[in-house]
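The values are calculated or read from the model by the stated rules, or taken from the named source; none is laboratory data. Since this is a predicted model, take the numbers as computed values, not measurements. Glycine gets a Cβ as well: all are built from the backbone with ideal geometry, and neighbour counts include every protein chain shown.
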Amino acid sequence: MAKLVLIRHGESVWNQKNVFTGWVDVPLSSNGIKEALNAGEEISATEFDVVFTSLQIRAIETAMIALAQNKSSKTPTVIHDEGKMKDWTTIYNPEMEKSVIPVYRDWHLNERYYGELQGKNKAETAKEYGDEQVHQWRRSYDCPPPKGECLKDTAGRTIPFFEESIFPHLKAGENVLVSAHGNSLRSIVMFIENLTKEQVLGLEIPTGKPIYYEYKNGKLEKENK
Ligand SMILES: O=C(O)[C@H](O)COP(=O)(O)O
């Protein structure tokens, strides 16, 4: 039975300051590092076969910090797709490939692009435009923030990636870890759990808390821990 664990990165420096982040590449705060360590302890018994992250450092840091405590004897290793750059595994000894957990980074898992809101304080933006407008920008399915993506747009890139690149690993019986973002994960959870537009309005994904699914009988089922 394959396992899928989704994790939103730990608190970032801008989460702490309540600033819209989107595609700005902000690292974890010290609290976010602690959250990643705690999440790592929680998932330490699951031996992952493959890891996916966005291209953003907060998601990559979270996956790597969490995996540092993994009981698996394998080493998480970023797979470079530049072609020209050989992996450290194959340069030294091709056999070493067997002792790594491949970590694939892909822009399709990036946070929702927040357009003109990126870099603005969330509370101040709510004062300027009103709570309801900002709530729509932050949580609705199809109301995009100025020059940014709505959740539907984000789903347009995350779901094909999930279906084409992640799902085949689960079908093959592999345990998969996905480290991504509040909204890129909201779109994936919406898809897996078949949520409606109304239900997704209330869906919040906290930082650094793993979400568990099991792939059985051709379906992903949520595991409540
Ligand atoms: O991009 C951001 O600012 C956050 O990671 C998610 O923001 P949200 O809670 O406003 O969706």
> Does Thr89 count as surrounded by 16 or more Cβ atoms within 10 Å (Cβ to Cβ), modelled with pLDDT under 95, outside any loop (DSSP other than H, G, I, E, B) and at negative phi?
Replying inline: yes
> Would region 113-121 turn up any residue that is part of a helix (DSSP H, G or I) and either within 26 Å of Ser72 (Cα to Cα) or of a type in the set (Lys, Arg) (or both)?
Replying inline: no
> Does any residue in region 119-136 that is surrounded by 11 or more Cβ atoms within 10 Å (Cβ to Cβ) come within less than 6 Å, Cβ to Cβ, of a residue that is polar (S, T, N, Q) and in a helix (DSSP H, G or I) six or more places away or on a different chain, and which pairs are these?
Replying inline: Val134/Thr125
>> Let me confirm something: among Ser29, Ser99, Ser54, which residue is surrounded by fewer than 19 Cβ atoms within 10 Å (Cβ to Cβ) and of a type outside the set (Lys, Arg)?
In response: Ser99
>> Looking at the structure I just gave you, is Trp107 modelled with pLDDT of 95 or more and out of contact with any Pro (no Cβ under 9 Å at 6 or more places or on another chain)?
In response: yes
> If the Cβ limit is 7 Å and pairs must be 6+ apart or interchain, which residue in region 175-194 that is within 10 Å of Leu109 (Cα to Cα) pairs with which residue that is charged (D, E, K, R) and modelled with pLDDT of 95 or more?
Replying inline: Ala180/Arg8; His181/Arg8; His181/Glu111; Asn183/Glu111; Asn183/Arg112; Ser184/Glu111; Ser184/Arg112; Leu185/Arg8
>> Looking only at helices (runs of 4 or more DSSP H) that lie completely in region 125-186, which have at least 3 residues being away from the ligand (no atom under 15 Å from the Cβ)?
In response: 151-161, 167-171
> Quick one: which of Glu41, Glu35, Glu61 is under 25 Å from Val189 (Cα atoms) and surrounded by fewer than 16 Cβ atoms within 10 Å (Cβ to Cβ)?
Replying inline: Glu41
>> Give me the residue from region 187-206 that is more than 18 Å from Ala2 (Cβ to Cβ) and among the hydrophobic types (A, V, I, L, M, F, W, C) and, out of that set, nearest to the ligand (Cβ to nearest atom).
In response: Ile205
